[in-house]
Amino acid sequence: MPPPNWPSNVRYITSCTIHASVPHDTRKFLEEEKPVSKTPLNTQSSVKIRRISESTHPACGQLGLFAARKIPAKTHIVDYIGEIHCDEREDSDYDLSLFRDGNGNSVGIDASKMGNEGRFVNDYRGIEGQDKPNAVFVDDRTGGGRLKMRIESSRTIKKGEEILVSYGKAWWLARRK
Ligand SMILES: C[S@@+](CC[C@H](N)C(=O)[O-])C[C@H]1O[C@@H](n2cnc3c(N)ncnc32)[C@H](O)[C@@H]1O
């Protein structure tokens with residue numbers, strides 16, 4: 001069941017799907033290797049998706065991800081789930097790079113059409129009172145590659161606080177063009 005405030009035009013999924021653009025060998029690799037991720041907090045009770053109504057917030061009117069309870073530092077909050085793909089997704093604002101496979105294909109996770117709560121995490125830039133993120137994207141590696149992305153707290157996050165990461169300078173530069 002999708003969580004409250006989930007948009008009706010996006011499919012809610014709880015594990016990644018693999019798009020047809022992923023070559024056979026890479027798909028096999030993805031399916032065989034098991035990530036070594038720590039167990040996340042119970043997503044349903046640790047985060048909430050909420051519409052941002054504060055007029056000073058640069059993403060006012062959009063959705064954001066908020067702590068539904070106090071989250072200790074260095075805690076796995078939620079996985080970033082979406083469609084694993086190898087095709088170009090230049091127009092997606094929900095696409096994270098995962099790894100480069102042995103044939104030089106760039107493998108990404110795109111949560112524009114399907115995903116979980118992780119897709120609503122905003123960037124800290126321009127938000128009043130925030131001079132740095134309170135969470136980070138962490139990739140779970142196995143011996144052979146980077147297969148999963150999770151969001152982890154970088155400090156204690158208070159109940160009700162927005163969970164904010166850094167998308168990186170390159171992400172913003174690419175969108176200013
Ligand atoms: C991964 S989505 C985050 C969730 C999004 N707010 C939503 O409602 O679906 C990325 C988009 O959120 C918005 N966003 C996130 N952080 C922002 C920030 N600091 N300033 C302005 N827009 C931001 C931008 O529109 C960006 O393209």
**Prompt:** GLN62 to ALA20: FRET efficiency via 1/(1 + (r/R0)^6), r the Cβ-Cβ distance, R0 30 Å, to the nearest 0.05?
**Reply:** 0.50
**Asked** For the chain, what is the mean residue ellipticity at 222 nm derived from helices alone (per DSSP H run of n ≥ 4: -39500 (n - 2.57); sum divided by total residues; nearest 500 deg cm²/dmol)?
**Response** -3000 deg cm²/dmol
**Item:** Inter-probe distance in nm under a simple model that places probes 7 Å from Cα toward Cβ, at GLU31 and ASN103
**Value:** 1.6
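Quick check for me: using +1 on Lys/Arg Cβ and -1 on Asp/Glu Cβ, what's the dipole size of the chain about its Cα centre, in debye to the nearest 20?
640
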**Request:** Give the residue from PRO2, HIS85, TYR124 lying farthest towards the positive end of the charge dipole for the chain; charges sit on Cβ (+1 for Lys and Arg, -1 for Asp and Glu) and the dipole is referred to the Cα centre.
**Result:** TYR124
**Item:** Per residue Cα convex hull volume in Å³ - calculated over the range 11-176
**Value:** 120
**Request:** Determine, from the Cβ-Cβ distance of MET1 and THR156 and an R0 of 35 Å, the FRET efficiency 1/(1 + (r/R0)^6), rounded to the nearest 0.05.
**Result:** 0.75
**Message:** What do you get for GluC sites (Glu not before Pro) in the range 91-177 restricted to DSSP loop and a cutoff of at most 12 other Cβ within 10 Å of the site's Cβ?
**Reply:** GLU128
**Asked** How much area per residue is accessible in the chain when the probe is 1.4 Å and only protein heavy atoms are counted (Å²)?
**Response** 56
**Long pairs among LYS48/LYS158; LYS28/LYS74; LYS113/LYS159; LYS70/LYS169; LYS113/LYS169; LYS70/LYS148, criterion Cα-Cα beyond 22 Å** = LYS28/LYS74; LYS113/LYS159; LYS70/LYS169; LYS113/LYS169; LYS70/LYS148
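The values are calculated or read from the model by the stated rules, or taken from the named source; none is laboratory data. Here the structure is a predicted model, which is why all the values come from computation and not from measurement. Virtual Cβ from ideal backbone geometry, glycine too; neighbours counted across all protein chains shown. Keep in mind that these areas ignore ligands, DNA and RNA; they rest on the heavy atoms of the full protein, side chains included. Shrake-Rupley method; radii C 1.70, N 1.55, O 1.52, S 1.80 Å.
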